[in-house]
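Step one of this worksheet: look at the structure below.
Laboratory data are not the source of any read-out in this text; all were calculated from the coordinates shown. Note that this is a predicted model, so its numbers are computed, not measured. Every residue, glycine among them, receives a Cβ derived from its backbone with ideal geometry; neighbour counts consider all protein chains shown.
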Amino acid sequence: MNQITVSLHEVGSDSHIDIFFDVLPEEKLITYMARTEDWIFFKKGKIITCAKKEDHRRIYLSYEGDISDNRGKLKVLWQGKYSNPSQSFKKIIKLKFENETVLIL
């Protein structure tokens, strides 16, 4: 629990960042999307804005490779822990990378 995976999702010439939050065992992963270029700022400790996506299957917490039905491919960029003091996941959230932990602001 409190695990997070940040993955690059490439679909043809387009790409974005998918962020998968493991909130409860046996539940789907709460998933957000950010712009690909935000990854560089995020790693430097800058705050990024992410938009809610449909929840994803648990396999995506560690999945890398092609996604079925020509939906692109995933590459894991980072895995670790997150902190969510408010315990809420809104449609739009702000994230910050600090001390090897992702903070949900």
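A few points about this structure:
- Among (1) surrounded by 14 or more Cβ atoms within 10 Å (Cβ to Cβ); (2) among the hydroxyl-bearing types (S, T, Y); (3) touching a Lys or Arg at 6+ places or on another chain (Cβ under 9 Å) - the single one T49 does not satisfy: (1)
- Residue match in segment 34-42 (condition: out of contact with any Leu (no Cβ under 6 Å at 6 or more places or on another chain), surrounded by 16 or more Cβ atoms within 10 Å (Cβ to Cβ) and acidic (D, E)): yes
- Q3, sole failed condition from (1) surrounded by fewer than 12 Cβ atoms within 10 Å (Cβ to Cβ); (2) under 18 Å from E98 (Cβ atoms); (3) touching a residue at least 24 places away in the same chain (Cβ under 8 Å): (1)
- Residues that are out of contact with any Ser or Thr (no Cβ under 9 Å at 6 or more places or on another chain) and not β-branched (V, I, T) within segment 15-27 comprise L24, P25, E26, E27, listed in sequence order.
- Cβ-Cβ contacts under 7 Å between residues 6 or more apart (or on different chains), taken from a first residue in segment 53-73 that is closer than 14 Å to E27 by Cβ to a second residue that is in a loop (DSSP other than H, G, I, E, B), are listed as D55/K28; H56/K28; R57/K28; R58/K28.
- The set of residues in segment 57-75 being under 20 Å from N2 (Cβ atoms) and surrounded by 16 or more Cβ atoms within 10 Å (Cβ to Cβ) consists of Y60, L61, Y63.
- In segment 75-90, the residues that are over 17 Å from D38 (Cβ atoms) and either outside any strand (DSSP E or B) or among the hydrophobic types (A, V, I, L, M, F, W, C) (or both): N84, P85, S86, Q87, S88, F89, K90
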